[in-house]
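Participant: Sending over a structure as structure tokens; questions will come in a sec.
The values are calculated or read from the model by the stated rules, or taken from the named source; none is laboratory data. Treat the numbers as computed from the prediction; the structure is a model and nothing was measured. Neighbour counts are summed over all protein chains in view; Cβ atoms, including those assigned to glycine, are modelled from backbone coordinates with ideal geometry. Ligands, DNA and RNA are stripped out before the accessible areas are found, and what is left, the full protein with its side chains, is counted by its heavy atoms. Shrake-Rupley method; radii C 1.70, N 1.55, O 1.52, S 1.80 Å.
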Amino acid sequence: MDFIETRNLTFFYESEEDEQQNNVRNVLDSVSISVKQGEFLAVIGHNGSGKSTLSKHMNAILLPTGGKMYVDGIDTSDESRIYDVRRKVGLVLQNPDNQLVASIVEEDVAFGPENLGVEPEEIRRRVDSALKAVDMYEYRLHAPHKLSGGQKQRVAIAGILAMEPDCIVLDEPTAMLDPKGREEVITAITRLNKEQGITVVLITHNMEETVGCDRIIVIDDGKVLTEGTPHRVFSQVDRLRRHHLDVPQSTELCSRLSAIGLNFSNLPLSTEECVEELLEVLG
Amino acid sequence: MIGDITLGQYYPAKGILHRLDPRIKVLLLMASIVLIFCTFNFYALGIVTALVIASVIMSKVPLKLYLKSMKAIIFVILLTAVLNLFYGAGEPIFEWWVFRITRAGIHNSIFIAVRIVLLVMLSSTLTFTTSPTDLTDALERLMKPLGIFKIKTHEIAMMMTIALRFVPTLLEETDKIMSAQKARGADMESGNILKRIKALIPILIPLFVSAFRRAYELAMAMECRCYQGGSGRTRMKQLHMGARDAVAIIIIALVTAGVVLCNIFL
């Protein structure tokens, strides 16, 4: 069994009104996916596709109304083990302002391990190493409200990191950030994945952010539309567009060029690849 | 402008009072307040005054800040002093219509004025030299014994921590909402008081809605970080009592002894 696995995961918000009118809409409809240990997975989909709902299942904030969700072999519906699940999978939310609890950076990062009852010296060690891992160590005594959005979000990541989870799920962590903050956050999580081997699940609707990941799952209308490596997923430009999803700008450019007769061996994802491909085709 | 409000008036400096254990500071402040109101003659009052002056100097906080906190209550001091002037038993020194001033009245009014001044000065040294987080920390630990009366001390401290954390965030938000409403033509600067209060409604409603949304999200974030209330929780920052805390306790004990002796023998 893989680290995170869902089997026909189905979820809908229960409300009596809807039930009477018999129009319950499944937010997630029989989703079966898996996340391997150490993988960098991106989940994309537009607003309302159910991708955020999926992320909240991964650490038992939401529980399936149908099907099963397993984290490291633990069924998340097992209420007695809910904190085991949350200790293994940390969830970073969209708005960094609403995730920070304390008015000093290092005390906020300490909040998670304090809740777990970790020894004081060990908390200190974890807080320092978590802050160093996201490059925020020199800000440890600052007040969160004086930091930039990207810095706040990195503190939020450190707060999860200090609980030493196996996997970090980030629910649109860059949606409220400026381009600089966005880059800081993506760099930080990429480094965590590559250097510390932490499994990363990045939920996003910004296609450019998914270029460096191992695998992409596309969710649309509560169902898995397609999955595969970035190259494989983004080569289906027309299919994605039919579901109102974008592709990275370089892919878009080359796909339009191929429509007017240029032949690309494969569609590029990043600017560098794009330049290379163009040089090859044109030169 | 609205962001300039500093909380708890903490003044970062490297004075010895800044480095005292916050729990000791809170306890010693309480003891000293009792002491201030247990001075029954000028000698005792003198000793306590010396203590307060010494701590003001040792706090390394500019005197200007103390005077500022004094300014806010100067009216209260004058009022109580004047009222006390006329309430004294004994032989009147001065009498006119219903007003009579006695020796005891003058004595009382001087005492009450000096006591209030000392009280405010000493309380200010605590808030100037202790950061809000240290203060909530100290209060949580000092309140712990109240747990046996089923008082949720951890929850109270947690609420204080979160409130302190969100004051600047909400102030910033208020600023934004005000600008947004002004851009839509809201007028907050003219009209009588009633009109101005009414003009606050379009600011308060969005602020409340957003505060509730924040609360909901924060609760979820805290759950993500395994928050399960106070039981089984450890703290990173441990408070340690050191030699300087012992010295502080001894000083207050000596002052107390001095005051008691003055009260009895002089």
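Participant: Just want to confirm a number: the relative contact order over chain A, from Cα pairs under 8 angstrom separated by 6+ residues, in percent.
Facilitator: Working: 518 pairs, mean separation 59.8, N = 283.
Once normalised by length, the contact order is 21 percent.
Participant: Any idea of B:R19's accessible area? Nearest 10 Å², probe 1.4 Å.
Facilitator: Probe radius 1.4 Å; accessible area of B:R19 about 130 Å².
Participant: If you don't mind, another one. Nearest 500 deg cm²/dmol is fine: what mean residue ellipticity at 222 nm does chain B get from its DSSP H runs of n ≥ 4 alone, each adding -39,500 (n - 2.57), divided by its residue count?
Facilitator: Theoretical 222 nm ellipticity from helices: -23000 deg cm²/dmol.
Participant: Leaving out ligands, DNA and RNA, what percent of the accessible area of segment B:90-133 is carbon and sulfur, probe 1.4 Å?
Facilitator: That share works out to 68 percent.
Participant: So for the pair A:Y137, A:N206, with labels modelled 7 Å out along Cα→Cβ, what separation do we get in nm?
Facilitator: That separation, rounded to one decimal, is 2.7 nm.
Participant: Between B:M220 and A:D221, what is the FRET efficiency for a Förster distance of 22 Å, r being their Cβ-Cβ separation, to the nearest 0.05?
Facilitator: It comes to 0.35.
Participant: Place a point 7 Å from the Cα of B:S123 along the Cα-to-Cβ direction; which residues of segment B:12-44 have their backbone N under 14 Å from it?
Facilitator: B:29-34, B:36-37
Participant: Still on this structure, I have one more. Could you work out the mean count of beta carbons from other protein chains within 10 Å of each residue's beta carbon in B:212-218?
Facilitator: 3
Participant: Can you tell me the FRET efficiency between B:R235 and B:I57 if r is taken as the Cβ-Cβ distance and R0 is 56 Å, rounded to the nearest 0.05?
Facilitator: Taking R0 as 56 Å, the efficiency between B:R235 and B:I57 is 0.95.
Participant: Hey, what's the protein assembly as shown come to in accessible area per residue, 1.4 Å probe, Å²?
Facilitator: Numbers: 28590 Å² over 549 residues.
The answer is 52 Å² per residue.
Participant: Which of A:R124, A:R182, A:R241 moves most in a GNM of chain A, Cα contacts under 10 Å?
Facilitator: A:R241
Participant: Tell me which DSSP H helices of chain B clear both cut-offs, 20 Å or more of axial length from alpha-carbon atoms and a mean Kyte-Doolittle hydropathy of at least 0.0.
Facilitator: Long hydrophobic helices here: B:22-36, B:42-58, B:103-129, B:153-183, B:193-224, B:243-265.
Participant: Moving to a separate point now. Work out Dmax and Rg for the protein assembly as shown from the C-alpha atoms and quote the Rg first, both in angstrom.
Facilitator: Here Rg and the maximum Cα pair distance are 31.5, 115 Å.
Participant: Now for a separate question. Cut-off 17 Å, label point 7 angstrom out along Cα-to-Cβ of B:T80: give me the residues of segment B:87-112 whose amide nitrogen falls inside.
Facilitator: B:87-88, B:105-112
Participant: Go ahead and set up a Gaussian network model of chain A, Cα springs under 10 Å, then flag whichever of A:L245, A:L161, A:L262 fluctuates most.
Facilitator: Comparing A:L245, A:L161, A:L262 in a Gaussian network model of chain A, the most mobile one is A:L262.
Participant: Also: Please list A:V211, A:V169 from largest to smallest accessible area, probe radius 1.4 Å, with all protein chains kept in place.
Facilitator: A:V211, A:V169
Participant: Determine the order of B:L218, B:L119, B:L204 by accessible area, beginning with the largest, at a probe radius of 1.4 Å.
Facilitator: Descending order: B:L204, B:L119, B:L218.
Participant: If you put +1 on each Lys and Arg Cβ and -1 on each Asp and Glu Cβ, how big is the dipole of segment A:4-247 around its Cα centre, in Debye rounded to 20?
Facilitator: 640
Participant: At a probe radius of 1.4 Å, what is the per-residue accessible area of A:R140, in Å² to the nearest 10?
Facilitator: Only protein atoms counted, so the area is about 70 Å².
Participant: Let me ask you something else. Quickly work out the B:A104-to-A:D84 label distance, labels modelled 7 Å from Cα along the C-beta direction, and quote it in nm with one decimal.
Facilitator: It works out to 7.6 nm between the two label points.
Participant: Further, regarding this structure: Rounded to the nearest 100 Å², what's the accessible area chains A and B bury against each other, both chains counted, probe 1.4 Å?
Facilitator: Buried area between the two chains comes out at roughly 3100 Å².
Participant: Would you look at the GNM of chain B, springs on alpha carbons closer than 10 Å, and say which of B:D175, B:D21, B:D134 moves the most?
Facilitator: B:D175
Participant: Enter the mean number of other protein chain beta carbons within 10 Å of the beta carbon of each residue in B:229-237, as an integer.
Facilitator: Shielding by partners across B:229-237 averages 6.
Participant: For B:R141, B:R165, B:R213, give the ranking by accessible area with the largest first, probe 1.4 Å.
Facilitator: B:R213, B:R141, B:R165
Participant: With every protein chain present, what accessible area does A:H231 have (1.4 Å probe, heavy atoms only), rounded to the nearest 10 Å²?
Facilitator: 80
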